[in-house]
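Structure record follows, encoded as structure tokens.
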Amino acid sequence: MTMTAEFEPFVQIAGLIHALTNLADNLGQTTQEWMEQLQLGLAERSREFAAALAEHEKEQAEAFRVLAQGGWVGMERHFTLSQARAVLEIYKTKGEAAMNDAIADYFNANACTRISEITDGWSSIPYLQDRQTIIRDAVSAHREGRFTLSVPALLPLVEGLSAEILGNAVRNENAVKAVARDWKQRESEIWAQVFADVIEHVVYQRYDFQTDPAPYLSRHFILHGRTPDYATRANSVRVFLLIDAIADLWFAKQKSVSP
């Protein structure tokens, strides 16, 4: 064996090591370039996502502000975002009256199935369970279009259930307003603001019976017999939804105090 032949295996190993070293260097450079490109891509996607999220939140807030203007509360549990967008589109293209009719149609479809589903969900609340006769009569009256009966029958339950939530904390102030303010303080989402606005500035707004015109849904004008114009399909649905929103707050309180 010649010396060249003797060292041939070592030469081959050295060549392999050199090749592997070059490969590692190239891979390191390629990996670094790939990481830089990935970071640039992620940054761009992040900006796009942030912009889309901001637009989503803006659209959601607009939809719920329009719903608040129409006196519709608790819709975050009954409408998907696509449905809220559809309602907003109706409002923009056809006006508020058309929006109100569309919402009332939604809850009254199929012999008021959704209204029945809502009231069935109240059966585990003791306060409302004790008043099932009132609720059943109100549902029947609503289904028959006798809104002069459903609206005034249900409005007192809004206050009674709110007082149940407050318990020993109830004072001389309006219980519904107190519940609305408390939720608004605890919840940052737009629908808590919507609920508080409708309670404060529509249903439980203080009015001068002698000089102020009655709004579309005022507890004081209705229960004090100062307006005959409250008995509409939309108002009846609004009161069912109002009780349902407070029922949801009752459930939330029970969950928070459960061991």
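The values are calculated or read from the model by the stated rules, or taken from the named source; none is laboratory data. Quick caveat, the model's predicted, so the values are computed rather than measured. Counting neighbours? That spans all protein chains shown, and the Cβs are built from the backbone with ideal geometry, glycine included.
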Study note, to complete from the structure: Among the residues of segment 206-249, the number that are modelled with pLDDT under 95, under 24 Å from the mean Cα position of the chain (by Cα) and among the aromatic types (Phe, Trp, Tyr) is 1
Check your understanding: (1) out of contact with any Leu (no Cβ under 8 Å at 6 or more places or on another chain); (2) of a type in the set (Phe, Trp, Tyr); (3) closer than 18 Å to residue 195 by Cβ: which one isn't true of residue 106, the others all being true?
Key -> (3)
Exercise for review: Would you mind stating whether residue 182 is closer than 25 Å to residue 62 by Cα, in contact with a Leu (Cβ under 9 Å, 6 or more places away or on another chain) and surrounded by 16 or more Cβ atoms within 10 Å (Cβ to Cβ)?
Suggested key: yes
Review point. Among the residues of segment 121-130, which ones are of a type outside the set (Phe, Trp, Tyr) and either surrounded by 11 or more Cβ atoms within 10 Å (Cβ to Cβ) or part of a loop (DSSP other than H, G, I, E, B) (or both)?
Key: 121, 123, 124, 125, 128, 129, 130
Point to revise | Residues (crowded, with 21+ Cβ neighbours inside 10 Å and either among the aliphatic types (A, V, I, L, M) or modelled with pLDDT of 90 or more (or both)) located in segment 60-69 | key: 63, 67, 68
Exercise for review: Answer yes if at least one residue in segment 240-254 is buried (at least 21 other Cβ atoms within 10 Å of the Cβ) and in a loop (DSSP other than H, G, I, E, B), and no otherwise.
Suggested key: no
Practice item. Please state which of the following conditions residue 136 fails to meet, knowing it meets all the rest: (1) free of Cβ contacts under 8 Å to residues at least 40 places away in the same chain; (2) surrounded by fewer than 19 Cβ atoms within 10 Å (Cβ to Cβ); (3) within 17 Å of residue 244 (Cβ to Cβ); (4) under 23 Å from the mean Cα position of the chain (by Cα). Key: (4)
Revision key, fill the gap. Taking segment 71-96 and keeping only residues that are free of Cβ contacts under 8 Å to residues at least 40 places away in the same chain and under 14 Å from residue 238 (Cβ atoms), one is left with 96
Check your understanding: Do we find that residue 217 is in contact with a helix residue (DSSP H, G or I) (Cβ under 7 Å, 6 or more places away or on another chain), assigned to a loop (DSSP other than H, G, I, E, B) and not small (Gly, Ala, Ser) in this structure?
Key -> yes
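Yes or no, residue by residue, for (1) assigned to a helix (DSSP H, G or I); (2) at pLDDT 95 or above; (3) surrounded by 15 or more Cβ atoms within 10 Å (Cβ to Cβ):
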position	(1), (2), (3)
76	yes, no, yes
79	no, no, yes
84	yes, no, yes
87	yes, no, yes
92	yes, no, no
104	yes, yes, yes
108	yes, yes, yes
112	yes, yes, yes
117	yes, yes, no
Check your understanding: Restricting the search to segment 176-208, which residues are under 20 Å from residue 156 (Cα atoms) and in a loop (DSSP other than H, G, I, E, B)?
Key -> 204, 205, 206, 207
